[in-house]
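Reading through the C-alpha cells given below for one structure.
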Amino acid sequence: MTDVRIGVMFPSTFNLNADVANALVLQRRLELSGVETHIVPITGESSVDDAVVDALVIGSPSSSILLSPDLPRDGIASFVSTAFTSEIPILAISNGFHLLGQISNEDGETNAGLNLIPVTTTFGRTQHVTIGAQLETQWGRVVGVENHNARVELSSGDAFGRIVRGVGNAAGGIDGLCWGTLWATHLHGPVLALNPTLADALCARILDRRGLTFSRGDGLDHLDELANRARTHLEKSTAS
Amino acid sequence: MNSLAFFIAKTVGALATFVASRVGNGSVIGGRLALVIFPGFIRHARRWLDFPIVFVMGSNGKTTTAKYLVHLAEESGERVLTNAAGSNMKTGIAALIIGSWRRIVRGHFSLGVFEIDEAYAASLGADVNPEFAIITNVQIDQIYRLFEPERVAAMFRDTIPFVTRHIVVNGNDRLLVDAVTQQRPLAEVSFFGIDSRSSIDPETLGLFAAQRFDQRPESSVSIDSDADGYRVTSARERFPMTVPTAGMHFALNGAAALAMARVALDAGVAFRTHVERLGNATPAFGRGESIFSGSARFELVLFKNRPSLQLNLDAYQEPADSIVLAFDEYSQDPSWLFAVDYSSVPRVDAVSGEKADFLELALAYAGVEVGVSNPDIVSVVSSLDESFRNRPEHSVHRLFLDYDQMMATRSYFGLKMGASA
C-alpha cells in the first residue's frame, strides 16, 4: 500500500501563524483519497531515516528565530538541498521562504539565509498585513493572509502568483517563487486549507513523483465547500 | 492652559458618555473625545489620582489577574479604581477617569488596578508612572496587529522604566525575564511561576518562550499541583491554594495576584490570609462563569487567541451535553485556528459567530465532528436554552466564545458587561 511521508521543518518553532497545518491539510486530503499519509517532524534531532520524505513543508518562524545564530543552518541547508536534488515538492511560507535565500536587513547583508534559492530578502520597518490577500496563479485565484515586513527580489525563477490584492514580495507586483520543486508564498490561512485547487495540485505532484495518480476522494467535497465559504469571507475583507 | 484644556476635555467626554449611554453602549467614546481634545488628558489627571496604581499587562490573563487582585485589595480594605475588562487602551483609561471623576476628587480611592493593552503600555506608563506592575506572559496573540511575540516583549520592556516601586513578572517566561534583566529597572522585581520542583512542564503553559522557574530569592511566589489541588509557596511557607476557575493558567493568574498583594497591599495582612481570600474570588465574566437557566447550566469560556483556546480546551475535560465554539469578525486573521490541538474535544455540537466557517474548516481537518453551523450565537444559545431548561435532569452546555460572542450570550441571559452571573 502506498505510504506517503510529509516532512515538516521544526513544527513547534516554524509555526508562528499555523503554517505547519499545511502538512495536516495534505495528510487529510491524501487520506480521504485513499493514501496512507504520515507527518514527520524534521528537527535538529532528526535521523537520516526521518529525512526520507515525499514532501516538505517549511512554515514561518518569528524574526528572532529566523535571524538567530542558534538556528542549525547547516543541517537545514543540507536537508533542503537533498530535497531539491531528489525533486521532493517543497512548500515554504513567508519567513520559511526567506530563510532559503539571501537575507539583508537595515544594517546590510546577514548570514541568516541559506543561499539555496535565487532570492534576496530585505527586512524593513513597514509591516505588510493584508487580510484577504489575493493572487492570480496557475492554479487560479489563491486567497490568504499576508503579514511580513520583507521586500523580496527574485533573480530567477517564476512568481508563485501575481498580486490582485496585497503586497506580496513588495517588488514587481508578484508574490513568492516557483523554482524547481519549490512553491513559496507569503500567504498564511493556511494557504492549502483555503485553496483546495492548490492543495490538490500539490497532492498530485507528491504522488506523481512516486509514479502514482491523485484521485480525489468523496470526502473532499465537504472540505472544499467549507474552504470556499471561508475564502469568500476573506475576499470580502477590507482589512489591511 | 493645560487646566483649561483638561476641563474642556473632561466636560465634553462626560457629556458624550452620558449621551452614548442613552442610545447604546458607548463605554469609551467619552475617553476618545477627551484625548482628541487634550492628548495629555491622562497625564494631567494623574495629579488627582493620588493613590498607588498597579498596571496589569500580558498577552493573556490580564482580566483575571486584575480581578483577583482587586478582590484581594478590597478584602484588605482598599477602595479600588479599576477598568472594566476590554477597556484597556488609552481611550478606556481616559473613560474610566471621566466616569469616576467625582469619586476621584473626593479622595474615595486608595488603589488603582488598571488592566493595560500591550500596544499602549509604554505610552500609558509615561503618562501615569505606576507604582506597580504585573506582567503575566508573552504569547502568540493578534499577530495581525502585534506582529510577533518578540515585539510584544519589547512593548513590556519599554514600559518597565516607568514603574516606580515594584514589578511582578512571570519567571517561566524567558522573554519577560530577559526584558527585565536587560532594562535594569529602578523598581524592585519579583517573580511568580511554576515551582521548578514541580512536574508541570512550562512548555504546556502556552508561552512563546518557556523556561523552568529557578527558585528565586524569598520574594518569589511559586505554585505546584498534585491530586489534591494547587499549592502556593512564598518565603518558604507553603499553603493549599484554590482559584475560582479550572486550569493551570488561572492558578498562575492567582499566583501573580498573590505576588502583587504581598508587596502592594497592607503589610499587616499575612500572605496566608491573601491565599485564603483568593479562594473566595469570583471568576471574571466569561472566564468559566456558569449561568443557570432552569435545570440547564451554561459554562461560558472566553478565548481570545491560540494559547487561551488551547489552554481552555485542555482544562475542561468533564463531559458536557453540548459543546459550542464561536468565533467573531473582530478576530481578523483566523489562521491560528489551525494551530490548535482539538484532540481533547469529542465533538462540537455547533459552531457560531461571523467566522464560523473557519472554525468548521479547522475542525474538519482536525477530524472533529461538527453538528450545525449557525453564525447567530443568540439563536444557538436560545435553542439550547429552550430545549434543556425545563427538563427534569440537569444538563451542562459548554460555550467556548470569542469576545463579541460572549457579550451577546451574556446579554441574552440578561447580564450586563462586568456583572457576574
The one condition B:Ser382 fails out of (1) under 19 Å from A:Ala18 (Cβ atoms); (2) open to solvent by 10 Å² or more (accessible area, probe 1.4 Å); (3) touching a helix residue (DSSP H, G or I) at 6+ places or on another chain (Cβ under 7 Å) is (1)
Right, B:Ser387: without any contact (Cβ under 8 Å) to a residue 12 or more places away in the chain, of a type outside the set (Lys, Arg) and at the interface with chain A (Cβ under 10 Å from one of its Cβ atoms) or not?
no
Taking into account only those residues within region A:1-39 that are among the acidic types (Asp, Glu) and within 14 Å of chain B (Cβ to nearest Cβ), which is farthest from A:Arg209 (Cα to Cα)?
A:Asp19
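When you look at B:Leu311, is it crowded, with 24+ Cβ neighbours inside 10 Å and either at positive phi or not in a loop (DSSP other than H, G, I, E, B) (or both), yes or no? Can you show your working first?
Values: crowded, with 24+ Cβ neighbours inside 10 Å: no; either at positive phi or not in a loop (DSSP other than H, G, I, E, B) (or both): yes.
Taking the combined requirement at face value, the residue does not satisfy it.
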Sort out which residues of region B:28-45 are surrounded by fewer than 17 Cβ atoms within 10 Å (Cβ to Cβ) and assigned to a loop (DSSP other than H, G, I, E, B), and write them in order of number.
B:Pro39, B:Gly40
Residue ranges of helices (runs of 4 or more DSSP H) in region B:142-200 with at least 3 members over 26 Å from B:Leu309 (Cβ atoms) and either within 11 Å of chain A (Cβ to nearest Cβ) or not β-branched (Val, Ile, Thr) (or both)
B:174-183
Within region B:201-236, take every residue that is among the small types (Gly, Ala, Ser) and in a loop (DSSP other than H, G, I, E, B) and give me the one that is nearest to the other protein chains (Cβ to nearest Cβ).
B:Ala209
By my count, helices (runs of 4 or more DSSP H) wholly in region B:341-421 with at least 3 residues that are of a type in the set (A, V, I, L, M, F, W, C) and out of contact with any strand residue (DSSP E or B) (no Cβ under 7 Å at 6 or more places or on another chain) are B:356-365
Are any of the residues in region B:359-375 β-branched (Val, Ile, Thr), touching a helix residue (DSSP H, G or I) at 6+ places or on another chain (Cβ under 8 Å) and open to solvent by less than 10 Å² (accessible area, probe 1.4 Å)?
no
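Could you please let me know if A:Gly113 is touching a strand residue (DSSP E or B) at 6+ places or on another chain (Cβ under 8 Å), closer than 17 Å to A:Ile65 by Cβ and either modelled with pLDDT of 95 or more or in a loop (DSSP other than H, G, I, E, B) (or both)?
Values: touching a strand residue (DSSP E or B) at 6+ places or on another chain (Cβ under 8 Å): yes; closer than 17 Å to A:Ile65 by Cβ: yes; either modelled with pLDDT of 95 or more or in a loop (DSSP other than H, G, I, E, B) (or both): yes.
Against the criterion (touching a strand residue (DSSP E or B) at 6+ places or on another chain (Cβ under 8 Å), closer than 17 Å to A:Ile65 by Cβ and either modelled with pLDDT of 95 or more or in a loop (DSSP other than H, G, I, E, B) (or both)), A:Gly113 qualifies.
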Is it the case that region A:112-126 has a residue that's more than 17 Å from the chain's Cα centre (by Cα), within 14 Å of another protein chain (Cβ to nearest Cβ), under 30 Å from B:Lys355 (Cα atoms) and of a type outside the set (Asp, Glu)?
yes
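With the condition being of a type outside the set (S, T, N, Q), open to solvent by 40 Å² or more (accessible area, probe 1.4 Å) and without any contact (Cβ under 8 Å) to a residue 60 or more places away in the chain, I'd like the strands (runs of 3 or more DSSP E) fully within region A:6-93 carrying at least 2 qualifying residues.
On the way: elements: A:36-42, A:55-58, A:90-93.
Where strands (runs of 3 or more DSSP E) fall fully within region A:6-93 and carry at least 2 residues being of a type outside the set (S, T, N, Q), open to solvent by 40 Å² or more (accessible area, probe 1.4 Å) and without any contact (Cβ under 8 Å) to a residue 60 or more places away in the chain, they are A:36-42.
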Exactly one of B:Leu300, B:Leu325 is over 26 Å from A:Leu220 (Cβ atoms), away from chain A (no Cβ under 11 Å) and part of a strand (DSSP E or B), and that one is B:Leu300
Tell me the residue from A:Asn147, A:Asn115 that is closer than 18 Å to A:Leu91 by Cα and touching a His at 6+ places or on another chain (Cβ under 7 Å), please.
A:Asn147
Yes or no: B:Pro149 on the phi < 0 side of the Ramachandran plot and under 20 Å from the mean Cα position of the chain (by Cα)?
yes
Pairs, first more than 16 Å from A:Ala184 (Cβ to Cβ) and open to solvent by 30 Å² or more (accessible area, probe 1.4 Å) in region A:105-125, second assigned to a strand (DSSP E or B) and among the hydrophobic types (A, V, I, L, M, F, W, C), C-beta under 6 Å, six or more apart
A:Asn105/A:Phe123; A:Thr110/A:Ile103
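Out of everything in region B:118-140 that is open to solvent by 10 Å² or more (accessible area, probe 1.4 Å) and not hydrophobic (A, V, I, L, M, F, W, C), what residue ends up being farthest from the other protein chains (Cβ to nearest Cβ)?
Initial filter on region B:118-140 (open to solvent by 10 Å² or more (accessible area, probe 1.4 Å)): B:119-120, B:122-123, B:126-127, B:129, B:131, B:137, B:140.
So of that shortlist, the ones also not hydrophobic (A, V, I, L, M, F, W, C) come out as B:120, B:123, B:127, B:129, B:131, B:137.
Numbers: B:Tyr120: 18, B:Ser123: 19, B:Asp127: 25, B:Asn129: 29, B:Glu131: 32, B:Asn137: 16 Å.
Restricting to residues being open to solvent by 10 Å² or more (accessible area, probe 1.4 Å) and not hydrophobic (A, V, I, L, M, F, W, C), the top hit is B:Glu131.
The values are calculated or read from the model by the stated rules, or taken from the named source; none is laboratory data. Predicted model, so just to flag it, every value in this text is computed and none were measured. Ideal geometry is used to build each Cβ from the backbone, glycine not excepted, and the neighbour counts take in all protein chains shown. Each accessible area value is taken on the protein alone, full model and side chains, heavy atoms only, with ligands, DNA and RNA left out. Shrake-Rupley method; radii C 1.70, N 1.55, O 1.52, S 1.80 Å.
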